[in-house]
1. Checking the conditions here, which among Lys62, Lys58, Lys20, Lys6 is in contact with a Lys or Arg (Cβ under 9 Å, 6 or more places away or on another chain) and modelled with pLDDT under 95?
2. Within the range 34-54, work out how many residues are outside any loop (DSSP other than H, G, I, E, B) and either in contact with a Phe, Trp or Tyr (Cβ under 7 Å, 6 or more places away or on another chain) or among the hydrophobic types (A, V, I, L, M, F, W, C) (or both).
3. Which count do you get for residues in the range 32-58 that are acidic (Asp, Glu) and closer than 10 Å to His10 by Cα?
Amino acid sequence: MTTESKRPSHEVFHIEGEGKKAFWTKIGGAWSHDDGDGFTISLNCLPLNGRLVVRKPKKDDKQKDDAR
């Protein structure tokens with residue numbers, strides 16, 4: 001398993017609603033395990049409803065982080 005000192009390989013979002021009316025909130029990050037079979041997930045909050053989605057960061061988001 002990787003350590004959390006590296007930048008997350010994925011972002012975790014909480015989603016409320018459906019379709020175009022869905023509201024996405026970034027709530028954490030996920031790090032791929034070295035063997036590729038799982039993730040370590042760190043959440044800034046734990047939603048009581050809705051669903052969670054784990055996605056790779058978009059390239060434009062990564063460029064914003066690199067500029068900091």
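The values are calculated or read from the model by the stated rules, or taken from the named source; none is laboratory data. Because the structure is a prediction, the values reported are computed rather than measured. Virtual Cβ from ideal backbone geometry, glycine too; neighbours counted across all protein chains shown.
1. Unique residue meeting the criteria: Lys62.
2. Result for the range 34-54: 7.
3. 0
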